[in-house]
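First up is the structure itself, then whatever we jot down about it.
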Amino acid sequence: MSGGGITPSDRFEKAVKLTLADGQMRANLRHATTTIRRKRQRAQDEVPDWQELRDRAARMKDDAHARLPELLIQLEERVQDAGGRVHWARDAAEAREIVAAIAAGYGLNRVVKVKSMTTDEIELNDFLASRGIAAVETDLAELICQLAGDRPSHILVPAIHRNRREIQELFRRTLGADLPTDNPAELAEAARLHLRRTFLAAEMAVSGANFAVAETGTVAVVESEGNGRMCLTLPRVLATVMGVEKVFPLWSDVELMLRLLPRSSTAERMNPYTSFWTGVRPGDGPQEFHLILLDNGRSRVLADPSTRETLRCIRCSACLNVCPVYERAGGHAYGSVYPGPIGAILTPQLLGMEHGEANSLPGASSLCGACLEVCPVKIDIPRILVELRAKAGVKPAESAGLKAAAWAMASPRRFEAAIRWARRGRGLAPLLPGPLSGWLQGRDLPEMPARSFREEWRRSR
Amino acid sequence: MEAESVNPSRDAILARLREALEGSSPRPRQDEPGAWPTPDPVAEFAEKAAEYRARVWRGCQADAPARLAEVIGAGRAAVAPGLDTHLIPPGAEVRSRIRPVEAETYAAAVTGCRLAIAETGTIVLDHGPDQGTRSLTLLPDHHICLVRTDQIVAGVAEAVAALKGAGLQTWISGPSATSDIELIRVEGVHGPRRLDILILEPDA
Ligand code: SF4
């Protein structure tokens, strides 16, 4: 199944036992995250004003969130002025109904999709299928997941857990492709041929959006493969589902996103393609555009000023690639389309901290701080993790653990000492808060890295 | 505005957001765009575009038609209507769009651009007359883009400032690519698999 929603069915410490057993997945993941980490650092080092960019972006997002109602109304007006329609969805169910109704209004039984975490969050594909509408994923990785019946395991490289031999097998079996080798170029060609027919016949596309600008009503999709351009250009109807937190106040704010996102996510100076559109352009592209603004828990996240900055996230996935817990556990252990450090803070806040499975997620961290260092919008994930652990309601016995975590966090060196200590086989549990000690019991201690990421980090500078 | 709203979801979301923000006040923000320091934007653009495996050629306007004919080769080419007529090679067809049924008809599309960016090696289309509608530069497998040196800006910030008000934009950095299979960059998934950039110096 692809597009698995945000509701974990197990507590993290239980789910992780299963994923830790999958050695192939762990090997693929380790290779991938190591490669991206190295490249990302180079891409960042090339930009002299990188730290200022992060500060500016954090301020921009905070400003946007502080004025969210007014900016959304402005965005709505601009989109309508340009010939688009705006819908509002309180929750996933409402958003799904809106998309299905648009497709049904045209009697369509098939839509093409551009990868979008938001449509995965609302579990759109399964719902459309239940209404007799096939949603065809068009990103290579999403296609792989869809054909394999997998859930994506990484924000950016959803099939990061599959290697080329597995993909060759899959394409042979499901696409009937004649693939003598597992050369990635040939695999991509098989996908290209398969999807091109689909694009040319598509009448409606469903996309997410990386951001939208209130000042101009312009919406953007940032991508690599060109399937986004196909979906945004060829069909006559376009429906875009966007979380309300993604609105930017000003057109000039686009600079921040296009300088921070590609370097943080794919470690490129710029991604191959970015498309901007504003409502409808007569004679070019879809002649009907629907923008669906989704709340689905975001107003709940906004309500707590101490953790609200979670909403700054631009889904770059840099925090996943530096996270020692993510690298070992894999994306699936988080039970949500939002995995890794950002998932550990976003999923429980979206669902509410009383959620019995999701509230285990803030435990899925060693609080090493690497995520904060790379985050392009400076979300203080370690601090928020600690706050959320407290909110999840720790038993008296565990609050001593929380104090220990705060003590360790206050000094990275102290924390590294704790990690090194653990690596010698003494176990980390006594030093760490309750949920984490539970997590540690779910895995083998010998899997501690030879060197911690923070240590690596310092060495590589 | 809200009095006439008949949309309960809209009202509910706005009310929830306002409630969530109660007690916090917006902090006014002053933002200065970031400059990209470069001694030679044209050279930097050429170098970075080439690093993304676009094929880059630099020459004077007078030599452009010959070079164009060379990169087009034997295939059928569609040329955006707004291009300077002296640049249009003999045999090329003037088209502003390509329909899905014609997807395999044209081997190449020739267009201008709105601007290009040294910081990232990016070309930006705003789909004006010399660039055609979006389908023109999407369906043919080969995109040939003419960039005048005076269209090249240093940084992304300058580009964004210049593009304010352009409702439709396509930013292109190298040919279509994916890294979805073991993170190996593979050119050419759905967009044009070949990108030629011709940088035109002003005639001396
Ligand atoms: S939390 Fe920061 S680093 Fe992680 S995905 Fe979001 S923006 Fe990227």
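Restricting attention to region A:347-373, the residues that are surrounded by 22 or more Cβ atoms within 10 Å (Cβ to Cβ) and within 9 Å of the ligand (Cβ to nearest atom) add up to 1.
If we keep just the residues of region B:12-42 that are assigned to a helix (DSSP H, G or I) and in contact with a strand residue (DSSP E or B) (Cβ under 9 Å, 6 or more places away or on another chain), which is surrounded by the most Cβ atoms within 10 Å (Cβ to Cβ)? Give the derivation first.
Going through region B:12-42, the residues assigned to a helix (DSSP H, G or I) turn out to be B:12-20, B:41-42.
Now drop any that are not in contact with a strand residue (DSSP E or B) (Cβ under 9 Å, 6 or more places away or on another chain), which leaves B:12-14, B:41-42.
Values: B:A12: 15, B:I13: 26, B:L14: 22, B:P41: 19, B:V42: 18.
So, considering only residues that are assigned to a helix (DSSP H, G or I) and in contact with a strand residue (DSSP E or B) (Cβ under 9 Å, 6 or more places away or on another chain), the one surrounded by the most Cβ atoms within 10 Å (Cβ to Cβ) is B:I13.
Is it the case that A:R42 is assigned to a helix (DSSP H, G or I) and within 11 Å of chain B (Cβ to nearest Cβ)? Criteria not met by A:R42.
Within region B:103-118, count every residue that is closer than 23 Å to B:A74 by Cβ and among the hydrophobic types (A, V, I, L, M, F, W, C). Steps first, please.
We begin by selecting, within region B:103-118, every residue closer than 23 Å to B:A74 by Cβ; these are B:103-111.
Applying the additional criterion that residues be among the hydrophobic types (A, V, I, L, M, F, W, C) yields B:103, B:107-110.
Number of matching residues: 5.
Listed by first and then second residue, the pairs linking a residue in region A:161-189 that is closer than 27 Å to A:H332 by Cα and within 14 Å of chain B (Cβ to nearest Cβ) to a residue that is part of a helix (DSSP H, G or I) and among the polar types (S, T, N, Q), with Cβ atoms under 6 Å apart and 6 or more places separating them unless they lie on different chains, are A:H161/A:N28; A:N163/A:N28; A:D182/A:Q168.
Looking for something polar (S, T, N, Q) and either assigned to a loop (DSSP other than H, G, I, E, B) or within 30 Å of A:D81 (Cα to Cα) (or both) - is there at least one such residue anywhere in region A:189-205? Spell out how you get there, then give the answer.
Initially, region A:189-205 is screened for residues polar (S, T, N, Q), giving A:198.
From the residues that got through so far, the ones that are either assigned to a loop (DSSP other than H, G, I, E, B) or within 30 Å of A:D81 (Cα to Cα) (or both) too are none.
No, there is no match, as no residue in region A:189-205 is polar (S, T, N, Q) and either assigned to a loop (DSSP other than H, G, I, E, B) or within 30 Å of A:D81 (Cα to Cα) (or both).
Among residues of region A:257-269 that are part of a loop (DSSP other than H, G, I, E, B), those with a Cβ under 8 angstrom from a residue that is within 12 Å of the ligand (Cβ to nearest atom) and of a type in the set (D, E, K, R), sequence gap 6+ or separate chain, pair up as A:A267/A:R40; A:R269/A:R263. Counting the residues of region A:347-375 that are of a type in the set (D, E, K, R), over 15 Å from A:S9 (Cβ atoms) and modelled with pLDDT under 90 gives 1. Considering the conditions (1) surrounded by fewer than 24 Cβ atoms within 10 Å (Cβ to Cβ); (2) more than 16 Å from the ligand (Cβ to nearest atom); (3) not in a helix (DSSP H, G or I), A:R300 is excluded by exactly one of them, (3). Per the listing A:T216, A:T274, A:T310, A:T240, the residue uniquely part of a loop (DSSP other than H, G, I, E, B), of a type in the set (V, I, T) and touching a residue at least 12 places away in the same chain (Cβ under 8 Å) is A:T216. B:A80 meets all of the listed conditions (1) within 14 Å of another protein chain (Cβ to nearest Cβ); (2) under 25 Å from A:V254 (Cα atoms); (3) in contact (Cβ under 8 Å) with a residue 24 or more places away in the chain; (4) not acidic (D, E) but one, namely (2).
Out of A:D81, A:D49, A:D120, A:D62, one residue alone is within 11 Å of another protein chain (Cβ to nearest Cβ) and under 25 Å from A:R300 (Cα atoms). It is A:D62. One residue stands out in region A:303-346 among those that are within 14 Å of chain B (Cβ to nearest Cβ) and more than 16 Å from the ligand (Cβ to nearest atom): the one that is surrounded by the fewest Cβ atoms within 10 Å (Cβ to Cβ), namely A:S306.
Being more than 22 Å from A:T118 (Cα to Cα) and out of contact with any helix residue (DSSP H, G or I) (no Cβ under 6 Å at 6 or more places or on another chain) is true for just one of A:E203, A:E169. Which residue is that? So that I can check it myself, show each step before the final result.
Numbers: A:E203 fails: more than 22 Å from A:T118 (Cα to Cα).
None of the other options fit; the residue is A:E169.
Flag set for A:E327, criterion: of a type in the set (D, E, K, R) and within 16 Å of A:V16 (Cα to Cα).
The values are calculated or read from the model by the stated rules, or taken from the named source; none is laboratory data. Here the structure is a predicted model, which means the values were calculated and not measured. Ideal geometry is used to build each Cβ from the backbone, glycine not excepted, and the neighbour counts take in all protein chains shown.
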